[in-house]
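Right, one structure below, let's go through it.
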Protein chains: 2
Amino acid sequence: MTSRTPSIPMRQRVEEYINTLQEEIVTAFETFDPQAPLFKRDSWVRAQGGIGKSCVFASPADDGATISPSAHQTVLEKAGVNISIVHGTLPPPAIKQMRADHNSMPLPDRPEGLPFFAAGLSLVIHPRNPHAPTCHANYRYFEITEPLNGSDPEEDQPKVLAWWFGGGSDLTPSYLYEEDAVHFHSTIKNACDKHGAQLYPTFKKWCDEYFWIPHRGESRGVGGLFFDDLNEGPHLRIPAPASEVKRPVTPDEIFAFVKDLGDAFVPSYLPILKIRHSISYTPHERRWQLIRRGRYVEFNLVYDRGTKFGLMTPGARIESILMSLPETARWEYMTDMGAEGTEEGRLLTVLKEPRAWVS
Amino acid sequence: MTSRTPSIPMRQRVEEYINTLQEEIVTAFETFDPQAPLFKRDSWVRAQGGIGKSCVFASPADDGATISPSAHQTVLEKAGVNISIVHGTLPPPAIKQMRADHNSMPLPDRPEGLPFFAAGLSLVIHPRNPHAPTCHANYRYFEITEPLNGSDPEEDQPKVLAWWFGGGSDLTPSYLYEEDAVHFHSTIKNACDKHGAQLYPTFKKWCDEYFWIPHRGESRGVGGLFFDDLNEGPHLRIPAPASEVKRPVTPDEIFAFVKDLGDAFVPSYLPILKIRHSISYTPHERRWQLIRRGRYVEFNLVYDRGTKFGLMTPGARIESILMSLPETARWEYMTDMGAEGTEEGRLLTVLKEPRAWVS
C-alpha cells in the first residue's frame with residue numbers, strides 16, 4: 001500500500017503528511033483567487049515544546065468597511081489553515097481529564113506525569129459571499145508514551161502507551177443548497193467507504209451530535225464527519241465486534257484512512273465555493289450570514305472541546321485557537337429573519353433536524 | 001428610613017422596585033435621544049413559573065449596512081434593560097451547584113428539591129460611537145424557602161431558608177477617557193459609602209476579579225462594582241468581624257444599599273454618554289470598537305456565570321440571556337491594532353493592570 005518503511009515512526013509520518021496537506025490546501029485557495037492577497041504564513045515555536053505553522057487569510061484591512069462592498073471583493077473573508085506539532089508532559093490532572101475525554105484509552109497514573117505528542121491540521125474557511133458556506137476540517141494524531149528515564153529523547157523510541165487518530169470536516173451554509181450538502185457528504189463518504197462501510201454512517205451521526213447547539217435547538221450546519229479515539233482497540237461508536245465489521249485497525253490502516261479524508265478536503269469543498277462565490281447577493285442576505293456567524297461563535301466559544309481546552313491551557317497560542325472565529329458576527333434581539341416560508345427559514349428547518357444527505 | 005410596613009415581603013418590595021427602576025432607566029435613554037425609535041417592550045411568561053419584561057433597543061434594521069454611516073445615527077446601537085421575577089423548584093443537583101456557587105448559604109438536602117424565588121434587573125448598553133463606553137448593570141434578589149406542603153402558595157408565607165442580594169455595574173470603553181472612569185467609579189462609591197466604607201473597595205476588587213479574561217490576560221473594561229451573597233450572615237469578602245465594620249446587615253439595610261446603587265446607575269453613566277456620543281470618529285476607531293466587542297462576546301460566552309447558567313437551563317429564555325451581546329463584533333487574526341504608543345494601546349495598558357480610579 002505504501003513505500004514507506006515501517007521503521008519511520010508514525011509521529012514523523014503524520015508530521016510530513018500534514019505539512020504537505022497544509023501547503024496543498026492553501027495553494028488551492030490561492031490559485032483559485034489569484035487577485036487576492038496570499039495567505040500570511042507564520043511559523044511559531046511553543047516554549048513548552050513544539051512548533052507550528054499558521055497560514056491565515058485576512059481581508060485587506062479597510063478599516064471598518066467590512067460590510068459595504070469594497071473595490072476588490074476577495075472570495076474569502078477570513079480563513080486559517082494551521083498545523084501544530086507539539087509535545088510535553090501531561091500532569092496528573094490532565095491525565096485524568098484525558099481519561100475522561102477518551103475513555104477507551106487505558107492511561108496509567110503517574111505522579112510525574114506522562115509524555116504526550118500531538119500533531120494536527122485544523123482549518124476554517126469563511127467565504128465572503130453569503131451563498132458560499134463556511135467549512136471546517138481537522139485531522140489529528142495523539143500519542144502518550146512512557147517517560148524516558150534520563151536517556152537522550154532524540155535517540156530512543158519511547159514505549160507508546162496509547163495512541164489515536166481523530167478528525168473530520170463539516171459544512172456551515174447560511175443559505176441552503178441541497179446539492180452542495182450532497183456533494184460534500186458524497187465526497188467524504190467515498191473517501192470513507194473503501195475503509196469500511198460502517199465508517200461514514202457512524203461518524204456522520206457523531207458529527208451531527210457534536211455540532212449540536214443545545215441552547216438554540218439547532219445544528220451548527222449541515223454536518224459532515226467527526227471521529228475520535230480511532231486506534232487498534234475496540235471503538236465505542238463502532239458497535240459490532242471488530243471481526244464482523246471491516247474497519248481500519250492497524251496504525252497503517254488508520255493513517256491511510258485519515259490521509260484519504262485529508263486528501264478529500266479540497267475536492268469536497270472547492271467545487272462548492274467555485275459555484276457559489278460569484279452569486280450576487282443583497283444586504284439582506286449579508287445580514288443573515290452575519291447572524292449565522294454569530295451562531296458559529298456561540299458554538300465555538302460555548303461548546304467546542306478544542307477551543308475550550310485551548311483557552312484553559314496556560315501558554316496556549318490564543319490567536320491560533322480563535323482563528324476559527326469569523327471576521328464579523330452579528331446578534332439581533334428577536335430577529336425577524338428566519339421565518340417560515342423564507343429562504344432563511346428553509347435553512348433553519350434543516351438545522352433543527354439533521355438530514356441524511358447521502359444513503 | 002422608609003414608610004413601607006415591614007409586613008410587605010421582601011420579594012414583593014424588590015419586584016416593585018425593579019419595575020420602577022426599569023421604567024426610569026429606559027425613559028432616561030429615550031428622552032436623551034428622542035429621534036431614535038423607542039425601546040421595544042415585551043412581557044413574557046415563563047412556563048415553569050414567573051414573568052419578565054424586556055425593554056430592548058435595536059438599531060433600525062438597515063439590512064446589513066451596520067458599519068457604513070447611515071442617515072440617522074442613533075446614540076445607542078443595541079441595548080436591553082430586562083427584569084425577571086421567576087420562581088420554581090431547585091432539583092437536588094441544582095441545590096448542590098447553588099451551594100458551590102454561594103458557599104456561605106446553608107442549604108439542606110431535600111430529595112424533593114427546594115423552592116426558589118429570583119427577581120432581578122439586568123441591563124447592557126452598547127452605544128454606537130466608539131468613544132462612548134458600553135455599560136452593564138445587574139441587581140438581583142434570591143430566596144430559597146421550605147416547600148409548602150399542600151397549602152395554597154398564594155396564602156402562606158413560606159419559611160425562608162436562605163436569601164441574598166447581588167449586583168453591580170461595570171464600564172467597558174473602547175477608548176480610554178480617564179475622567180469617565182473616575183466619574184463612573186466616584187458615583188458608585190458615593191452610593192456605597194453611606195452604607196459602609198468597606199463596601200466600595202471590597203466590591204470594586206471583586207469586580208476586577210470577576211471581569212478578568214484569563215486567555216487574553218486583560219480585563220473586560222475599567223471595572224466598577226460586583227457583589228453577591230449579601231445577607232445578614234458573615235460575608236467571605238468583608239474580612240473584619242461584623243461588629244467592627246459598618247455594613248448593611250438586615251434585609252432592610254441591604255435592600256436600601258441595593259436601591260441606592262440602582263438609583264445611581266443613570267447618574268453614573270448617562271453624563272458620560274452625553275459627552276461622548278457626538279465625538280466624530282473614524283472607520284479606524286469603529287474597527288477597534290468592534291474588536292473590543294469581540295472581547296466582550298468572549299467574556300460573556302466563555303466566563304460569565306449568569307450567561308453560562310442561563311444557557312444550560314432548560315426552558316430559559318435565550319433571547320433575554322444573549323441580549324447582552326453586541327450587535328456586531330469582529331475578530332482579526334494577529335490584529336495590528338493596539339500597539340504601544342497608540343490610543344488603542346493606551347486602553348490595553350489599563351486593561352492589563354486594573355487601576356484604582358478613586359481613593
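Some points to look at:
- Mean partner shielding of peptide A:329-342, defined as the number of other chain Cβ atoms within 10 Å of each residue Cβ, is 5.
- Label point 7 Å beyond Cα along the C-beta direction, distances from B:PRO106 to other copies (nm, shortest first): 4.9
- Cα-based equivalent ellipsoid of the protein assembly as shown: semi-axis lengths in Å, sorted from largest, via gyration tensor: 46, 31, 26
- Of the residues B:VAL56, A:VAL45, the one with the largest accessible area comes first in the ranking A:VAL45, B:VAL56, computed with a 1.4 Å probe on protein heavy atoms.
- Taking amide H as placed 1.01 Å from N in the peptide plane, the amide H of A:LEU76 sits under 5 Å from that of A:ARG128, each at least 5 places away or on another chain.
- Sequentially through the range B:328-342, phi angles give Karplus couplings (6.51, -1.76, 1.60; θ = phi - 60°) of 9, 9, 9, 10, 10, 6, 6, 4, 8, 8, x, 5, 4, x, 9 Hz, Gly and Pro residues having no value and appearing as x.
- Part-to-part distance (alpha-carbon centres) for the range A:161-180 and the range A:89-120, which is given in Å: 26 Å
- Only helical runs count toward this figure. For chain A, summing -39,500 (n - 2.57) over DSSP H runs of n ≥ 4 and dividing by all residues gives -11500 deg cm²/dmol at 222 nm.
- Contact order relative to length of the range A:223-359, as percent, for alpha carbon pairs under 8 angstrom and 6 or more apart: 17 percent
- Prolate/oblate/rounded call for the range A:220-359, Cα gyration tensor, a/c under 1.5 rounded: prolate
- Couplings 3J(HN,Hα) for the range B:80-86, derived from phi with the Karplus relation 6.51 cos²θ - 1.76 cosθ + 1.60 (θ = phi - 60°), are x, 10, 10, 10, 9, 10, 10 Hz, where x marks Gly and Pro.
- Relative contact order [Cα under 8 Å, 6+ residues apart], the range B:94-185, whole percent: 27 percent
- Surface/4 of the Cα convex hull for the range B:161-262, nm²: 7.4 nm²
- Dividing the radius of gyration of the alpha carbons in chain B by their Kirkwood radius gives 0.97 for Rg/Rh.
- Amide H contacts of A:LEU230: A:PHE165, each under 5 Å away and 5 or more positions distant or on a separate chain (H built 1.01 Å from N in the peptide plane; Pro and chain starts excluded).
- Local charge for B:PRO92 was computed over the other residues whose Cβ lies under 11 Å away, with Lys and Arg +1 and Asp and Glu -1, and equals +1.
- Using a 7 Å projection from Cα along Cα-to-Cβ, the label point at B:ASP193 is separated from the same position in the remaining copies by 7.8 nm, smallest value first.
- Residue-normalised accessible area of the protein assembly as shown, expressed per residue, 1.4 Å probe, Å²: 42 Å²
- Helices of chain B meeting both criteria, an alpha-carbon length of 20 angstrom or more along the long axis and an average Kyte-Doolittle score not below -1.0, with helices taken as full DSSP H segments, are B:10-32, B:178-193, B:251-276.
- The B-A contact accounts for approximately 3700 Å² of buried accessible area, totalled over both chains at a 1.4 Å probe radius.
- For A:VAL182, inter-copy separations between label points set 7 Å beyond Cα along the Cβ vector come to 6.9 nm, shortest first.
- Overall form of the range B:270-342 per C-alpha gyration tensor (a/c, 1.5; a/b vs b/c): oblate
- Shape of the range B:204-294, Cα gyration tensor, a/c cut at 1.5: oblate
- Net charge, B:VAL45 excluded, C-beta distance under 13 Å - Lys, Arg +1, Asp, Glu -1: +2
- For the segment B:294-307, counting C-beta atoms of other chains within 10 Å of every residue's C-beta and taking the mean gives 3.
- Close amide H pairs (under 5 Å, H built 1.01 Å from N) link B:ALA162 with B:ILE144, residues at least 5 positions away or on another chain.
- Nearest-0.05 FRET efficiency for B:MET334 and A:ARG46, computed from C-beta distance (R0 25 Å): 0.95
The values are calculated or read from the model by the stated rules, or taken from the named source; none is laboratory data. Just so it is clear, the model here is predicted, and its values are computed rather than measured. When we count neighbours, we look across all protein chains shown, and the Cβ atoms used for this are built from the backbone with ideal geometry, even at glycine. For accessibility, only protein heavy atoms count, side chains too; no ligands or nucleic acids. Shrake-Rupley method; radii C 1.70, N 1.55, O 1.52, S 1.80 Å.
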